[in-house]
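Here is the structure we will look at, set down as structure tokens.
The values are calculated or read from the model by the stated rules, or taken from the named source; none is laboratory data. In this text, all values refer to a predicted model and were calculated from it rather than measured experimentally. Heads up, the Cβs are rebuilt from the backbone with ideal geometry, glycines too, and the neighbour counts pull from every protein chain shown.
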Amino acid sequence: MTEPSAQAQAVPCLALRGITKTYPSVVANDGIDLDVAVGEIHAILGENGAGKSTLVKIIYGVVRADAGQMRWDGRPVTVGSPGEARRLGIGMVFQHFSLFETLTVAENISLAVPGSLRELSGRIARVSERYGLPVDPRRPVHALSVGERQRVEIVRCLLQEPRLLILDEPTSVLPPQAVEKLFETLARLAGEGVSILYISHKLQEIQSLCHTATVLRGGRVVGVADPRRASAEELARLMIGRDLPAAAHPEAAAEREERLVVSGLTLPADEPFGTMLRDVSLVLHGGEIVGIAGVSGNGQKELMAALSGERLVEPAEAVRLCGAAAGRLGPRARRTRGLAFVPEERLGRGAVPPVTLAENALLTAAHLDMVRSGFVQTDKTRAFAERCIREFDVKAAGADASAQSLSGGNLQKYLVGRELLQRPTVLLVSQPTWGLAVGASAFIRKRLVEL
């Protein structure tokens, strides 16, 4: 790994002093100081809701700070928009993607990178091959998996040749080979003088990649460490202020009921760039956790659609739920038979962004006496949402907070909690700890094991 140059240490590429941002219900950033040297890979660590995303959005011009100063190459600057940030040489890959689903990969990238579609398609192909991030410029975004969409975001940012590259959870759904290639690319960029601000909850990544780590907790800087010398346990303890909860697997029962049985499931792709399922079989017993592994884009999305009821399958016996054929049942019918589902995409599929957490409870838990004679029982929806917030340690202003106001990790905890509180007999979860910090990830794993 390259070391920051002496010039980097003399004049920081980016310097923040006293950055403060307050929202009606929370202080997201509280007097934050941060220096990022030229050619330095600098990590920002912290639990979900610690203020990391707010801080980088301020740097990138998406959010305006209430107080504090930002210096770029030693000069005070005010970044009022992402366009101004890009003109300075700041690029960012967001945790939640900013892509138009109806456009192709090349058309999306053309919104931020100049050039004809033909020229951009060639550049996209070359950059994606060089960096080990395969994307097809012709594919529509709505047909891409989450992992593929993330590759598009990274490639778009690299095409802009930034001097400061901000990466918010860039490897959350990338396969190990792509992560290794990305790290090689980031190390090469740092060696060429590009500064990198790296947000990740994967401590091993930070230890192997980053020169410095600034740790946030409750919107404040609680420590600055050299991640190459600190242990993962020390960094985790600094992040959450306590030891991690442990998940203990109970003894497996000798006789276990078959809850979900998939037999020879074959399903054609439902769009030109989709993946066909061929002869997929698996058995899930009561009290058992079965993992589905594989590189993103190899049929996981299609399998989840077939199991959740979003796509019907033939014959009906290809999917059996609690002993009954379920292949021709839709999502609602499968839920009445004890199935619950946490989708990969939080905003848009798991939750409706602008509506409240209480209203989002209705999406999957309406059968819990939340609707009578066609009327929503507001007190029931609020009580359910407040219980979920309380039991799953969701940092939110309350049941009336909108889904989009939560950090990614806190929204994920709410969505997982919404399904677990229904006490399902079969639970499908796709990427349950994507974007979650070590404490929240350990908490969700513990709750899944207890279920």
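For the stretch 167-231, the strands (runs of 3 or more DSSP E) that sit wholly inside it and include 1 or more residues that are in contact with a Cys (Cβ under 7 Å, 6 or more places away or on another chain) and more than 20 Å from residue 440 (Cβ to Cβ) are 195-199.
Residues of the stretch 329-353 being aliphatic (A, V, I, L, M), more than 25 Å from the chain's Cα centre (by Cα) and in a loop (DSSP other than H, G, I, E, B), which ones? Steps first, answer last, please.
Quick first cut of the stretch 329-353, residues aliphatic (A, V, I, L, M) only: 329, 333, 339-340, 342, 347, 351-352.
Filter once more, so that each one left must be more than 25 Å from the chain's Cα centre (by Cα): 329, 333.
If the condition is that a residue be aliphatic (A, V, I, L, M), more than 25 Å from the chain's Cα centre (by Cα) and in a loop (DSSP other than H, G, I, E, B), then 329 is the only one that fits.
In summary, residue 149 fulfils each of the numbered conditions (1) within 20 Å of residue 294 (Cα to Cα); (2) in a loop (DSSP other than H, G, I, E, B); (3) among the charged types (D, E, K, R) with the single exception of condition (2). Residue selection: residue 264 fails the criterion of being assigned to a loop (DSSP other than H, G, I, E, B) and modelled with pLDDT of 85 or more. When each of 50, 85, 43, 65 is tested for being touching a Phe, Trp or Tyr at 6+ places or on another chain (Cβ under 9 Å), closer than 20 Å to residue 222 by Cβ and either in contact (Cβ under 8 Å) with a residue 12 or more places away in the chain or not in a strand (DSSP E or B) (or both), the lone residue that passes is 43.
Conditions tested, residue by residue: (1) within 13 Å of the chain's Cα centre (by Cα); (2) of a type in the set (D, E, K, R); (3) part of a loop (DSSP other than H, G, I, E, B).
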| residue | (1), (2), (3) |
| --- | --- |
| 414 | no, no, no |
| 419 | no, yes, no |
| 427 | no, no, no |
| 432 | yes, no, yes |
| 436 | yes, no, yes |
| 442 | no, no, no |
| 446 | no, yes, no |
| 449 | no, no, no |
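Residues that are within 20 Å of residue 258 (Cα to Cα) and either not hydrophobic (A, V, I, L, M, F, W, C) or not in a helix (DSSP H, G or I) (or both) within the stretch 294-312 comprise 308, 309, listed in sequence order.
Of all residues in the stretch 361-393, those satisfying the criterion of being within 20 Å of residue 434 (Cα to Cα) and buried (at least 17 other Cβ atoms within 10 Å of the Cβ) are 388, 389, 392. Applying the criterion of being modelled with pLDDT of 85 or more and not in a loop (DSSP other than H, G, I, E, B) to the residues of the stretch 394-409, the residue that is nearest to residue 350 (Cα to Cα) is 403.
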